[in-house]
Amino acid sequence: MFGGPVTAPASSPHLRRSGSRAVVSDLDVELGNAVENSYSHPLELNGLKSANIPLVTAAILPSPTLLWRLKVLLFLLWGFICCKTGWQSVMRMSVGLRDLFLYEAFLYYNPLLLVTTMVWLWGINLWVFSRANINYAKIFDLDQNHLTHREIWKCATWMTIIVPSSMTAYLYLYSNGEVSLAASQPVLLYFAVIMLFTFPFDIFYFSSRYYLLRTLWRIVLPLQTVTFSDFFLADILTSMAKVFSDLERSVCRMVHRQVATIAWFEADSVCGSHSIAIPLVLVLPYLFRFFQCLQQYYKDSRERATLLNAFKYSTAVPVIFLSALKYHVSHESWTNFYHPLWLLASVLNSLYSFYWDVARDWDFSVPRIFKFNRSHLYVHLLQGRTWVYFWVIGSNLILRCTWTYKLSAHLRNNYLTVFTIAALEIFRRFQWIFFRIENEWNKINSRPTTQLSMNDPSYDEVKLLPSAVVHNV
């Protein structure tokens, strides 16, 4: 009744011989006195006594299912309040000011919203890897204390709460005339994110934060042997070029105190849409990956495939800079010369990247695509649905082409369209991760760990560097 055994003395009048009628007249009284005198009792197991367990607390502890439902209810209530408050704040503004204000608010918060989406999807990736028995910890050279998909989702949940809450506060304060308080919201949020990542004390997954920052540093300065984690994260960063571009625009306006103003509206201003900093930031992830390939070629593999891979990333450079030239050349020059060049560069970049995804990163050769003559680790999860592979290949081609839209500064006037395309690119990368990791896991299992085949065309991207220090991620 109370969660534990009740012992009666040998001389108790309530003990009866087998077959006799039990006497329970005074038992309830004795049990009641026992509870009044002590709220806990010792448990003895295998001769070892454990700590006293509070009986009343154990009796009233809610079930995990009830707690989960309560959290979901509170989350939905919070979402409703944010949506209602934000909508009412926007509708309170004049029609002429509304679009400009939404564009500015979107600029500050859409990078962090996209990062939050990527974290959620990464958690799904890890969950599927665990279901498919893919040892991603071995692939990334992690110890057994790395973050699981549950911990990743916990971080994503907090990000989902904090970022929209700050955005709602920004909308509400600005619409009510509290301009200075509204301007402080994105500044405080960005400052909190920086402090969270660089906090030097052993809290909030310190080893994982260190691993991430260390990998980012190795990407920015590829002076050492490139590991799988290095180029894998660098590939993900190329899908988030728009995030870095908007972060640069946001920080620029914060530094020049243009938050919650329209001082940035002039396109030729220091933080305007014609700034040369936009293409420079957009191209950085591709340059990082380009120099990683050169580093692999000259110091490690000497394989021709690394140069071909470097060429793939270099094709994004003319797409970005030819698009930016629209604001710095005459209309005739753009229409007759630069625009056709931009179209040609866009087609080359999209098709070459698509080919590399399918043939090299995923190892989907023609027989494998149409006959599926190799075993897949995801087969038992997909339950023989081979259409999934056709969907992944087809959607990858389409999204590779639309991704060019985001890289082009002269097509970025409609911020909602650009945000949608950036989100779709993150979804494409989410799909890419499944088959890229599966391909890497198959290669690890099909060759000796002490020797890698130099004849493999993907050797430049599968060589793993044994790390002297193992970190969490």
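Put Y205, Y298 in order of accessible area, largest first, 1.4 Å probe: what do you get?
The most accessible residue leads, giving Y298, Y205.
Let's test the formula: R0 of 35 Å, r as the Cβ-Cβ distance of V347 and L102. What FRET efficiency results, to the nearest 0.05?
Step by step, r from the Cβ atoms, then E = 0.55.
With a 1.4 Å probe and all protein chains in place, put T168, T306 in order of accessible area, largest first.
Sorted descending by solvent-accessible area, the residues read T168, T306.
So how much accessible area does E104 have, in Å² to the nearest 10, using a 1.4 Å probe?
Rounded to the nearest 10, the figure is 0 Å².
Can you send over the solvent-accessible area of L294, 1.4 Å probe, protein chains only, in Å² to the nearest 10?
40
Working out 0.36 nm times the residue gap between V255 and N176, then minus their Cα-Cα distance, what length gain in nm do you get to one decimal?
26.0 nm
Identify the residues of region 166-207 with backbone N under 11 Å of a label point that sits 7 angstrom from the Cα of N145 along the Cα-to-Cβ direction, or state none.
Residues 205-207 fall inside that zone.
Got a number for the accessible area of V95? Probe 1.4 Å, square angstrom, nearest 10.
Answer for V95: close to 110 Å² accessible.
Modelled label-to-label distance, V187 and T386, 7 Å Cα→beta-carbon offset: nm?
6.1
In Å and whole numbers, how far do the C-alpha atoms of region 247-333 stretch along each principal axis, longest first?
Taking max minus min along each principal axis of the Cα atoms, region 247-333 gives 53, 36, 12 Å.
For D363, D202, give the ranking by accessible area with the largest first, probe 1.4 Å.
These residues rank, largest area first, as D202, D363.
Measure of size requested: the Rg and Dmax of region 182-247, with Cα atoms as the atom set and Å as the unit; please supply both.
Rg then Dmax for region 182-247, in Å: 14.3, 46.
Using label points projected 7 Å from each Cα along Cα→Cβ, tell me how many nm separate L67 and F204, to one decimal.
Spacing of the two 7 Å Cα→Cβ label points: 2.2 nm.
Quick one: length gained pulling V95 to H339 fully straight, 0.36 nm per residue minus the C-alpha distance?
84.4 nm
Which three lengths, in whole Å and largest first, does region 74-218 cover when its Cα atoms are put on their principal axes?
For region 74-218, the Cα spread along each principal axis is 56, 32, 25 Å.
Tell me the carbon and sulfur percent of the accessible area for region 205-304, rounded to whole percent, probe radius 1.4 Å.
Here carbon and sulfur together make up 67 percent of the probe-accessible area.
Using the charge dipole of region 77-190 (Lys, Arg: +1 at Cβ; Asp, Glu: -1 at Cβ; taken about the Cα centre), state which of N125, N145, Y174 has its Cα farthest towards the positive end.
Farthest towards the positive end: N125.
The values are calculated or read from the model by the stated rules, or taken from the named source; none is laboratory data. In this text, all values refer to a predicted model and were calculated from it rather than measured experimentally. We place every Cβ from the backbone using ideal geometry, glycine too, and count neighbours over all the protein chains shown. The accessibility values were calculated without ligands, DNA or RNA, using every heavy atom of the protein model including side chains. Shrake-Rupley method; radii C 1.70, N 1.55, O 1.52, S 1.80 Å.
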